[in-house]
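The values are calculated or read from the model by the stated rules, or taken from the named source; none is laboratory data. As the structure is a prediction and not an experimental result, all values here were calculated from the model. Every residue, glycine as well, gets a Cβ built from its backbone with ideal geometry; the counts of neighbours run over all protein chains shown. Only protein heavy atoms, including side chains, enter the accessible area calculation; ligands, DNA and RNA are left aside. Shrake-Rupley method; radii C 1.70, N 1.55, O 1.52, S 1.80 Å.
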Amino acid sequence: MNSEHMILGVALTNSFGAHPAAWRLPHVNPEAYTDIDVTVEHARTAERGGLQFVFIADRLFLHGDLAVSNPLFNMDPIVTLSAVAQATERIGLAGTASTSFFEPYLLARQLKTLDVISNGRVGWNAVPSFEPDAFANFGKEPPAREKKYERLHEVMQVVQALWGSWGYEAGKPDQQGRYADPAHVKPVNLYGTQVGTRGPLPVPPSEQGQPVIIMPASSGYGLQAAVMYADIIIAMPSSIEEGRAQRQAIRQAAAQAGRNPEDIKYLAFAGFTTGDTERDALDTRLALDAHTDIRGPLARLSAYLGLQQQLTRPDEPLTTAQLTAVQAHPQDARSIRAVELAHAGWSPRDILAHAVFDPYPSVVGTAGQVADHLQEWFKAGAADGFMLNFDDFSTEIGNFVEQVIPVLRERGIFHNTYEGKTLRDHVGVPPQYGVNPRITTGPQ
Ligand SMILES: Cc1cc2nc3c(=O)[nH]c(=O)nc-3n(C[C@H](O)[C@H](O)[C@H](O)COP(=O)(O)O)c2cc1C
């Protein structure tokens with residue numbers, strides 16, 4: 001992994017795409033939620049483009065109003081990735097598993113087994129759950145914030161201790177009669193306030209030792225935990241300035257925690273819809289937006305444009321009087337963008353089709369515009385790479401691979417091919433096996 005190259009992961013959180021209407025498009029298989037072949041195909045397309053990993057977020061409850069939408073998350077990320085592992089060779093496989101419910105022995109076992117059978121391609125997005133609906137599914141009430149993070153710390157340390165409990169020194173099976181050297185497959189006897197384990201975990205090292213750890217960007221307790229354990233931090237900054245500031249804050253906190261800041265990769269979420277022209281890309285987005293009620297977004301847009309009155313002509317550019325009245329909220333990247341688009345002469349419907357209200361910065365445009373966005377953020381130090389989101393996986397992952405990846409390669413900011421075999425190689429993070437000694441002995 002060369003630091004001149006950006007890291008690209010693709011979010012395959014559900015089977016259809018990031019747009020809630022993707023499942024309704026005529027070319028989309030509406031049963032993709034339960035059809036593993038569809039997810040496998042998306043992962044293979046991403047692998048063809050040399051993307052470093054696929055990523056599956058998770059919520060432990062039914063998310064999405066089934067009367068109008070598909071379930072918004074995967075049936076089960078780890079089981080799904082096991083199937084994807086068998087159908088792919090190089091691409092990394094990152095899945096979310098909550099630290100709030102499962103016993104660390106079970107988490108350690110499933111994740112490391114997946115890492116072994118995929119030849120070292122696994123990433124674990126370790127998140128503490130916070131939604132009452134998730135806790136209800138385990139017959140529980142959400143705990144206080146400090147208890148939630150206390151459990152997270154204990155789970156992270158117990159899982160990693162279990163991962164390291166079958167030492168490299170145990171060796172390979174010797175058919176003369178010794179399968180492994182038991183002196184190096186040892187109990188860990190690690191007990192916290194909320195979880196604990198005896199060990200050992202009967203899973204030998206994978207090709208990358210143990211899974212790469214991913215954690216979401218957060219502040220306070222979350223930041224403190226992420227800089228202790230994470231190899232990759234994923235985030236949703238809304239502007240280059242915010243991304244740069246958050247990345248810097250993480251690098252600083254990592255150094256204070258005794259880490260080399262270079263060992264933590266900061267990835268920003270971004271969304272893309274590509275077309276041969278900007279108009280084509282907007283029309284693709286409009287075909288999806290047509291399935292949603294525009295009244296709410298229009299009301300929100302008038303507020304973001306700083307207008308007192310509602311926008312009543314969604315297909316006409318703003319009038320001169322309206323353009324004189326618009327005013328961006330200086331602190332809000334979405335408002336600034338909406339005002340820019342209004343001044344450029346786009347109609348309210350087209351401004352919305354530019355994805356101004358997506359939860360992360362999005363580009364609806366040509367491959368060159370998409371590449372410009374990625375390059376600008378990367379070169380500005382606002383991210384080490386990106387978590388790519390696509391409205392409609394069935395077309396957009398392929399478009400990105402065929403149209404955007406060649407531009408990034410031409411500009412020298414994306415690798416030509418996988419240089420190594422494991423996810424750790426793909427993202428350029430150092431080896432680790434078991435609990436990082438820094439955690440038990442303090443900064444060196
Ligand atoms: C980029 C990003 C991705 C996240 N992915 C998930 C996820 O897949 N599942 C989940 O339950 N929470 C996810 N979260 C939420 C975090 O786990 C965390 O609960 C949230 O950021 C609130 O943090 P706090 O508890 O420190 O307030 C994500 C957060 C961010 C910023």
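Table: residues versus (1) β-branched (Val, Ile, Thr); (2) more than 16 Å from the ligand (Cβ to nearest atom); (3) touching a residue at least 40 places away in the same chain (Cβ under 8 Å).
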| residue | (1), (2), (3) |
| --- | --- |
| Ser239 | no, no, yes |
| Gly258 | no, yes, yes |
| Leu301 | no, yes, yes |
| Leu311 | no, yes, no |
| Leu323 | no, yes, no |
| Arg334 | no, yes, yes |
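Looking only at residues in the range 229-248 that are in a helix (DSSP H, G or I) and open to solvent by 50 Å² or more (accessible area, probe 1.4 Å), which one is nearest to Trp124 (Cα to Cα)? Let's see the steps before the verdict.
The first filter runs over the range 229-248 and keeps only residues in a helix (DSSP H, G or I), leaving 229, 240-248.
Narrowing further to those that are open to solvent by 50 Å² or more (accessible area, probe 1.4 Å): 241-242, 244-246, 248.
Working: Glu241: 28, Glu242: 25, Arg244: 24, Ala245: 25, Gln246: 22, Gln248: 23 Å.
Here the residue is Gln246.
Condition check: closer than 18 Å to Gly49 by Cα, away from the ligand (no atom under 16 Å from the Cβ), part of a helix (DSSP H, G or I) and not β-branched (Val, Ile, Thr). Does His415 satisfy that? Spell out the reasoning first.
Working: closer than 18 Å to Gly49 by Cα: yes; away from the ligand (no atom under 16 Å from the Cβ): yes; part of a helix (DSSP H, G or I): no; not β-branched (Val, Ile, Thr): yes.
For His415, the condition - closer than 18 Å to Gly49 by Cα, away from the ligand (no atom under 16 Å from the Cβ), part of a helix (DSSP H, G or I) and not β-branched (Val, Ile, Thr) - is not met.
Anything in the range 77-101 that is more than 13 Å from the ligand (Cβ to nearest atom) and of a type outside the set (Gly, Ala, Ser)? List them, or say none. It would help to see each step written out before you state the result.
The first filter runs over the range 77-101 and keeps only residues more than 13 Å from the ligand (Cβ to nearest atom), leaving 79-93.
Hits for the range 77-101 are Val79, Thr80, Leu81, Val84, Gln86, Thr88, Glu89, Arg90, Ile91, Leu93.
Hey, can you tell me all the residues within the range 128-170 that are touching a helix residue (DSSP H, G or I) at 6+ places or on another chain (Cβ under 8 Å), outside any helix (DSSP H, G or I) and away from the ligand (no atom under 13 Å from the Cβ)?
Of everything in the range 128-170, those that are touching a helix residue (DSSP H, G or I) at 6+ places or on another chain (Cβ under 8 Å), outside any helix (DSSP H, G or I) and away from the ligand (no atom under 13 Å from the Cβ) turn out to be Glu141, Trp166, Gly167.
I'd like the residue in the range 258-285 that is surrounded by fewer than 18 Cβ atoms within 10 Å (Cβ to Cβ) and closer than 26 Å to Pro431 by Cα and, out of all such residues, is modelled with the lowest pLDDT.
The residue in question is Gly258.
Quickly run through the range 14-35 and pick out the residues that are crowded, with 23+ Cβ neighbours inside 10 Å and either within 16 Å of Pro359 (Cα to Cα) or within 16 Å of the ligand (Cβ to nearest atom) (or both).
We begin by selecting, within the range 14-35, every residue crowded, with 23+ Cβ neighbours inside 10 Å; these are 14-19, 22.
Selection gives Asn14, Ser15, Gly17, Ala18, His19.
Could you count how many residues in the range 168-182 are under 22 Å from Val158 (Cβ atoms) and open to solvent by 30 Å² or more (accessible area, probe 1.4 Å)?
The number of residues fulfilling the criteria is 3.
Kindly provide the set of residues from the range 58-83 that are within 24 Å of Asp384 (Cβ to Cβ), open to solvent by less than 20 Å² (accessible area, probe 1.4 Å) and touching a residue at least 40 places away in the same chain (Cβ under 8 Å), ordered by number. Talk me through it step by step, then tell me what you get.
From the range 58-83, those within 24 Å of Asp384 (Cβ to Cβ) are 58, 77, 81; that's our starting set.
Restricting the remaining residues to those that are open to solvent by less than 20 Å² (accessible area, probe 1.4 Å) gives 77, 81.
If the condition is that a residue be within 24 Å of Asp384 (Cβ to Cβ), open to solvent by less than 20 Å² (accessible area, probe 1.4 Å) and touching a residue at least 40 places away in the same chain (Cβ under 8 Å), then Leu81 is the only one that fits.
Name, by its number, the condition in (1) aromatic (Phe, Trp, Tyr); (2) assigned by TED's automatic domain parsing to the domain that holds Glu316; (3) within 16 Å of the ligand (Cβ to nearest atom) that does not hold for Tyr229.
For Tyr229, the exception is condition (2).
Can you pull out the residues in the range 215-224 that are modelled with pLDDT of 95 or more and either among the hydroxyl-bearing types (Ser, Thr, Tyr) or more than 6 Å from the ligand (Cβ to nearest atom) (or both)?
The one that is modelled with pLDDT of 95 or more and either among the hydroxyl-bearing types (Ser, Thr, Tyr) or more than 6 Å from the ligand (Cβ to nearest atom) (or both): Met215.
Would you point out which residue out of Glu154, Glu150, Glu207 is open to solvent by 70 Å² or more (accessible area, probe 1.4 Å) and among the charged types (D, E, K, R)? Please lay out each step first, then the result.
Working: Glu154 fails: open to solvent by 70 Å² or more (accessible area, probe 1.4 Å); Glu150 fails: open to solvent by 70 Å² or more (accessible area, probe 1.4 Å).
Testing whether each residue is open to solvent by 70 Å² or more (accessible area, probe 1.4 Å) and among the charged types (D, E, K, R) leaves just Glu207.
Do we have Asp372 as in a helix (DSSP H, G or I) and closer than 15 Å to Asp280 by Cβ here?
Working: in a helix (DSSP H, G or I): yes; closer than 15 Å to Asp280 by Cβ: no.
Against the criterion (in a helix (DSSP H, G or I) and closer than 15 Å to Asp280 by Cβ), Asp372 does not qualify.
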